[in-house]
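A quick write-up on the structure given underneath.
The values are calculated or read from the model by the stated rules, or taken from the named source; none is laboratory data. These numbers were taken from a predicted model, which means no experiment stands behind them. All Cβ positions, even for glycine, are placed from backbone atoms using ideal geometry, and neighbour counts span all protein chains on display. For the accessible areas, the whole protein counts, side chains as well, though only heavy atoms, and no ligand, DNA or RNA atoms are used. Shrake-Rupley method; radii C 1.70, N 1.55, O 1.52, S 1.80 Å.
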Amino acid sequence: KLENVSPSVLTWSTLPLAGVACWAMYSAERTPSGGWILLLALLMLICSSLLDILDGTVARMHNKVSRYGDFLDHTIDRVIDIAFIIAIGYNSNWIENNWIAWAAALTTLLGSYMGTQSQSVGLKRNYSGFSRADRLVVTGVGLFIAAIQSFMEWGDYTILEQSINGLSAIIIISGLGGIWTFVRRFYSASRDLKEIDKTEPLS
């Protein structure tokens with residue numbers, strides 16, 4: 001039924017939904033009303049993610065796959081990934097130090113970079129490690145937990161003398177996941193390239 005719809009239109013449509021999610025992540029307070037705002041963020045995240053799945057499906061089903069579409073999809077995915085992390089990191093109601101959000105954003109980009117860099121040197125695109133799908137699931141679960149904390153007016157949990165809540169957990173897990181992804185993809189690409197160099201040395 002979406003044969004006449006451009007996949008790129010679906011891709012661009014994820015941005016305003018993600019924008020509303022970012023606003024909600026940034027502004028949610030630790031009150032019952034803030035809980036509803038966090039649920040709004042979760043709803044927008046789900047809708048944005050469904051459109052992100054739909055654009056590729058429409059492209060493949062109706063023979064509209066293109067290099068531009070692939071480029072656009074991955075670019076907007078990275079923008080949204082980083083926007084979510086930074087929006088959460090600057091919500092002072094939940095996060096004490098926003099520098100951890102910038103650190104998580106950096107490791108997320110590095111992990112994604114290694115996936116496409118593998119492709120640029122002749123290997124298959126590497127999706128191993130902590131993928132975008134994993135990050136979205138963690139973000140959704142974290143938003144839901146933070147919403148419950150807001151409704152019930154629960155405080156933070158203490159783990160290894162660190163204060164943890166639903167939103168801070170998103171940033172911490174995303175940051176550690178980015179590091180793991182970078183290391184894993186770098187090792188995988190290095191191993192495969194060394195094997196290729198043994199059999200097909202550059203002239």
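Using the Cβ-Cβ distance between Lys124 and Phe71 with R0 = 30 Å, the FRET efficiency computed as 1/(1 + (r/R0)^6) comes to roughly 0.95.
In terms of its C-alpha gyration tensor, the chain has an oblate overall shape, because the principal axis ratio a/c (a ≥ b ≥ c, square roots of the eigenvalues) is not below 1.5 and a/b does not outweigh b/c. Other residues with beta-carbon under 13 Å from the beta-carbon of Ala21 carry, at +1 per Lys or Arg and -1 per Asp or Glu, a net charge of -2. Shape call for the stretch 1-114 from the C-alpha gyration tensor, a ≥ b ≥ c root eigenvalues: rounded (a/c under 1.5), prolate (a/b greater than b/c) or oblate? Oblate, since a/c reaches 1.5 and b/c is not below a/b.
Give me the 1.4 Å probe accessible area per residue for the stretch 1-98, excluding ligands and nucleic acids, in Å².
54
For the stretch 15-53, backbone nitrogen atoms closer than 15 Å to the point 7 Å from Ser92 Cα along Cα-to-C-beta are found at 26-30. Nonpolar atom fraction for the chain, defined as the carbon and sulfur part of the 1.4 Å probe accessible area, stands at 66 percent. The H on the amide N of Ile164, modeled in the peptide plane, is under 5 Å from the matching H of Tyr157, Thr158, Ile159, each at least 5 residues off or on a different chain.
What is the calculated FRET efficiency for Asn4 to Ser190, with r their C-beta to C-beta distance and R₀ = 41 Å, to the nearest 0.05? My answer for the efficiency is 0.35. Along the chain, counting only trypsin sites (Lys or Arg not before Pro) with a DSSP assignment other than H, G, I, E or B and at most 13 other Cβ atoms inside a 10 Å radius, the longest segment between sites is 2-123.
Between the Cα long axis of helix 67-89 and the first principal axis of the chain there is an angle of about 30°, rounded to the nearest 10. Under 13 Å from the Cβ of Glu200, count the other residues' Cβ atoms, weight Lys and Arg +1, Asp and Glu -1, and hand me the total. Counting the neighbours of Glu200, the net charge comes to -1.
Other residues whose C-beta falls under 9 angstrom from the C-beta of Ser128 contribute a net charge of +2, scoring Lys and Arg +1 and Asp and Glu -1.
The loop-placed chymotrypsin sites (Phe, Trp or Tyr not before Pro) in the stretch 59-143, going by DSSP, that have at most 16 neighbouring Cβ atoms within 10 Å of their Cβ come out as Tyr90, Tyr127. Once the Cβ-Cβ distance of Leu43 and Thr199 is raised to the sixth power relative to R0 = 45 Å, the FRET efficiency obtained is 0.30.
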